[in-house]
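Reading through the structure tokens given below for one structure.
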Amino acid sequence: MDSLRFIPLGGLNEVGMNCAAVVCGDTTIAIDCGIGFTDEDGAELVHPDFEWLHAQRDQLRAIVITHGHEDHIGALPYYLKKVRVPVYAPPYAAALIGDRLAEHGLKDVDLRVSPAGSREQIGSILVERFSVHHSIADATGLILDTPLGTVVHTGDFKIESDPCDGQYFDRARLEEVASQGVRLLLSDSTGADVEGRARIERDAEAALEYWIARSPNRVVVATFSSNAFRLRAVLRIAKELGRKVCLLGMSVNKHTEVARALGLIPPIDSLLIPPEEVSDLPRNQVLILAAGTQGERASGLTRLARDEHSRLHLEADDTVIFSSRIIPGNELGVLDVINRFERRGLEVITRDEHPEVHASGHGSREEQRTMIEILRPQAFVPVHGTHHHQRRHLELAAEEGIQQTQLVENGSVLELTRDALRIVDTVPVRRVYIDGMQALTEEVIAERRTMGSNGLVTILLSLRAGRLQHRPRVVSRGVFGVGDRDRVERKMAERVRDRLKGRRFASPSEAEEAAIEVTQRFLVHNHRKRPLITADVDGES
Ligand SMILES: [Zn+2]
Ligand SMILES: [Zn+2]
């Protein structure tokens, strides 16, 4: 075997959808299988198109999951519906994946729990996991022992100087691996623009404690529910300050349950109260722990901000702490939530004014440098981040004296040989949009786009013996104002009748096509409009 290929299928230059393939001889493994969130075209989720991966299914031996964030596990059910392949995941991720598969009715998936430190021979690759710091429990990086040498994939990581317990960074193992030589390092670029070191989790906890202790009335702490360390800290602080905790929303409840089951947070039953009991307690004895930090319309936090929650109401001088960051693209929604709280006289504490209330899960520049310094790889490829972040990370590797570096994009086929690193090909990377639990085809998306921006015109025809029978009926929406609509619809109907009458159509679809063409011309010529036009024959005898 004289080469190894690394092919990112998603996650580069976009938020979410992390998925990559490593191909080595007759072995292909996928690393992560993530989803992105979207409201484009009415879809909710988006994932990489798995066509290319599917074509490799005979040699695809496993999907190896680095950690349990949605941008790394969320697309698993959609891929596993197509093909069954073993999934290896660390404990916290495995618990989340198990629930998600059950929701999708996927029962017989070969899901294997592999904690940090575990080693699995998968085809020609020995996959070893090492523990990293990140904003979720059980985050791991991968040491791939391949016939081409050792390849290290960091996963999402940071390196904390004073980690909160339960979370550690396996520096000793990496130093050992480095002493044997590392052929290639694939490293998380997300924090490449942030100088210095990322704030540590322990400092975010201390800041939360400070602000919660200073809050005179009810406190809402809004955070990413997948961070069990943060949940545990908030629960501890609430207990120490004599506040009962109301868990608001499905995801906070779900993650608290998983974290409890895995022993990441201590028993808390006596601490919890349901939303309807919040108003029974003095205002300074309540803490509400909520997700929905991104201004999601259906979240409990957004409903609190709009005062539309059925069982829970906040009042002036209550406090809302956003222990979170805004994921790019969600700025307007989050600002709206903040403004709604402030207009009602609540105190809102965010990372903008008080950066100490949140700690990122991704290392900054100095942690990225430390990773390179520990491993001293021969070759370096930045992953996880936009093109800009990858480029900045690449500069850092060059500063550190790494000679072989390469920028990759989704679809790049990166080839590693014993002495070279280069892009040799590209594979197609399309996207699949999910609405409800189903994929939207390109056709449906195209229709939604045209309808959404240009409106809809429908022509109803009736045929007898292949000939137009009555005047057609035309219905339009989102094209003309109500004052003009009837008149233009009548004109369109007359035009279709004039052009189609006397003709004999071999099939209903031939008549429909002719009607669409006439209407299209009429609208472009007279009104410069291009709505979605549909036609339907509603009677043929
Ligand atoms: Zn992550
Ligand atoms: Zn990630």
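Please treat every number below as a calculation from the coordinates, not as lab data. All of these numbers come straight from a predicted model, not from anything done at the bench.
Given N residues in the stretch 201-357, what is its alpha carbon radius of gyration divided by 2.2 N^0.38 Å?
0.94
How large is log10 of I(q)/I(0) for the stretch 399-541 at q = 0.13, 0.19 Å⁻¹ when the intensity is taken from the Debye formula with one equal scatterer per alpha-carbon?
Reported log10 I(q)/I(0), two decimals: -0.69, -1.08.
Expressed in whole Å with the largest first, what are the equivalent ellipsoid semi-axes of the stretch 126-238 derived from the C-alpha gyration tensor as the square root of 5 times each eigenvalue?
Its equivalent ellipsoid spans semi-axes of 35, 13, 12 Å.
Over its Cα atoms, what ratio of radius of gyration to 2.2 N^0.38 Å does the stretch 307-358 give?
1.18
Run through the DSSP bridge list for the stretch 34-152 and note the antiparallel percent, rounded to the nearest 5.
75
Take the eigenvalues of the Cα gyration tensor for the chain, scale each by 5, and report the square roots as semi-axes in whole Å, largest first.
48, 35, 20
Can you compute the helix-only [θ] at 222 nm over the chain? Use -39500 (n - 2.57) per DSSP H run of at least 4 residues, normalise by all residues, nearest 500 deg cm²/dmol.
-9500 deg cm²/dmol
Based only on Cα atoms, what mean projected area does the convex hull of the stretch 33-95 have, in nm²?
Orientation-averaged projected area of the Cα hull: 4.6 nm².
Cα to Cα, under 19 Å, and not fewer than 8 places away if on the same chain: which lysines meet these conditions relative to Lys82?
Lys107
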